[in-house]
Amino acid sequence: MGMTVPAVALPVLWSSPLLAAGATTRLLVFFSPNGTIYSHWGPTGAGTSYTISAGSILEPLLPFKSKLNVLQGVSYLSESIPMPLGNSDPANPGNPHMKGSGHCLTGVPLLPGTQSGSGGAKAGYAGGISVDQYIAQKIAGQTKFPSIEAGVGMMDGGVRQHLAYAGANQPLPTESSPFKIFQRIFGAAVASSSMPDLAQAESAAQRLAERTSILDYAAQDLSTLMARLPGDEKVRLDRHLQSIREIELQLAPPVLSGSGCAMPMMGPIIDPLAIGNFAAAGKLQMDILVAAFACGLTRIATLQWGGSASEQEYPWLGINTGHHTMSHRGDADLANMALLVKVNNWYAQQFAYLLGKLDAIQDGAGTLLDNCVVAWTNELSKGSTHDSHNIPWVLAGSAGGYFRTGRLIQYTPEQPHNDLLVSLMNAMGLTDETTFGARAVCTGPLTGLV
């Protein structure tokens with residue numbers, strides 16, 4: 001018998017101190033794989049006089065043109081910096097797909113490792129914290145969930161399937177099941193306020209109380225132990241106690257309240273890894289992330305479609321060949337190029353759906369989109385050549401007015417994307433930050449955005 005997640009739209013009762021004080025900025029990174037087709041991607045013109053052409057990849061974004069910054073000339077310049085590793089492994093491990101995903105939000109090269117990529121390349125995970133997690137650590141405690149790492153159709157869990165890193169060689173798991181993410185974010189609220197069966201509700205509440213009491217007992221026991229420990233051990237134990245407190249916070253059911261906050265409509269359970277469910281699973285993930293933002297449950301999220309070098313097929317578009325395979329066929333195959341344009345246009349439609357959901361929710365003096373920065377990116381600019389220059393970045397939303405929008409910004413000479421990562425930190429309130437990732441290439445916030 002199939003399971004069904006309760007299809008409810010509850011008024012929110014979670015009162016976030018941040019939202020109570022007014023609009024708060026959020027960051028969402030939207031990742032699609034295998035590069036783009038620049039001849040059909042880039043707008044024409046410059047500055048506020050730019051044009052998104054009919055039939056282009058970005059055409060679905062036309063309704064949001066005034067709220068976009070389309071960037072050209074922002075490149076992954078720091079992914080190939082040799083690192084002093086002090087061992088026999090190559091100082092610059094990984095193939096371009098591996099580097100692109102690991103480097104995207106960290107701005108540092110990969111570590112050596114045993115993960116295999118095409119061409120015999122070997123690599124480990126990224127060598128530093130990602131910008132989303134750096135921000136999450138700086139604003140820790142302001143929301144119930146520090147961040148949400150959502151995926152669509154993620155299969156193998158290696159370096160190509162991770163954007164978020166808590167530190168060097170510390171990838172955070174990317175969850176491809178929207179139903180598991182829903183349960184994590186809203187499940188306790190469903191159990192505490194809307195389960196139709198009273199016995200089920202009481203059972204859920206009892207399990208929650210038992211888990212919380214176990215954590216309380218552990219915390220009390222460890223606090224007693226701390227008094228007998230030397231200073232350095234006290235520091236370690238205090239960190240462990242903090243992690244227990246964070247678990248307790250996440251176990252507590254969110255009390256949902258606030259303008260525009262409602263739990264997403266989930267409907268019947270589907271297999272999120274089935275090829276034909278890719279689009280539906282992605283839509284559910286976007287609905288959940290928008291709801292989590294609207295309810296003040298998090299300010300940081302990533303959404304990774306397929307992972308770098310994804311071989312996702314798109315049967316609903318009439319495409320039954322793997323995306324990565326198609327991306328390597330070269331420009332001379334015009335029929336294949338047309339299919340790649342179709343695929344990338346479909347991702348633009350998904351991005352537009354996300355922006356539309358955010359823009360429909362009032363948030364302070366503007367909309368939720370106005371108080372976000374939603375960054376669409378990729379591990380490469382062109383799949384067939386593995387080019388890491390001129391990465392297709394689109395920023396949506398002004399981060400509460402921090403960014404000027406409605407522009408095509410062209411950088412000549414090209415700029416390191418590390419500078420963009422600094423700008424994202426600044427937009428999220430970390431205005432004193434001037435560098436991120438590989439300092440050898442980072443020059444400060446990206447010019448022209450504010």
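The values are calculated or read from the model by the stated rules, or taken from the named source; none is laboratory data. No experiment lies behind these values; they were computed from the predicted model shown. Here the Cβ is made from the backbone with ideal geometry for all residues, glycine too, and neighbour counts use every protein chain on show. Accessible surface is based on the protein model in full, side chains and every heavy atom, while ligands, DNA and RNA are left aside. Shrake-Rupley method; radii C 1.70, N 1.55, O 1.52, S 1.80 Å.
Before moving on, here are some points about what is shown:
- What a 1.4 Å probe finds exposed on segment 295-450 is 50% carbon and sulfur by accessible area, rounded to a whole percent.
- Listed residues His97, His328 arranged by accessible area, highest first, probe 1.4 Å: His328, His97
- Gln349/Thr412 FRET efficiency (R0 35 Å; Cβ-Cβ; nearest 0.05): 0.70
- Where segment 42-170 is the region considered: accessible area per residue in Å², 1.4 Å probe: 35 Å²
- Computed label-point distance, nm, for sites Ala54 and Ala332 using a 7 Å Cα→Cβ extension: 3.4 nm
- For the pair Thr224 and Thr44, the difference between a 0.36 nm per residue extended length and the Cα-Cα distance amounts to 58.2 nm.
- A 1.4 Å probe run over the protein chains yields, for segment 374-450, 35 Å² of accessible area per residue, whole-number rounding.
- Cα-Cα over 24 Å, subset of Lys342/Lys382; Lys65/Lys342; Lys180/Lys357; Lys65/Lys180; Lys144/Lys357: Lys65/Lys180
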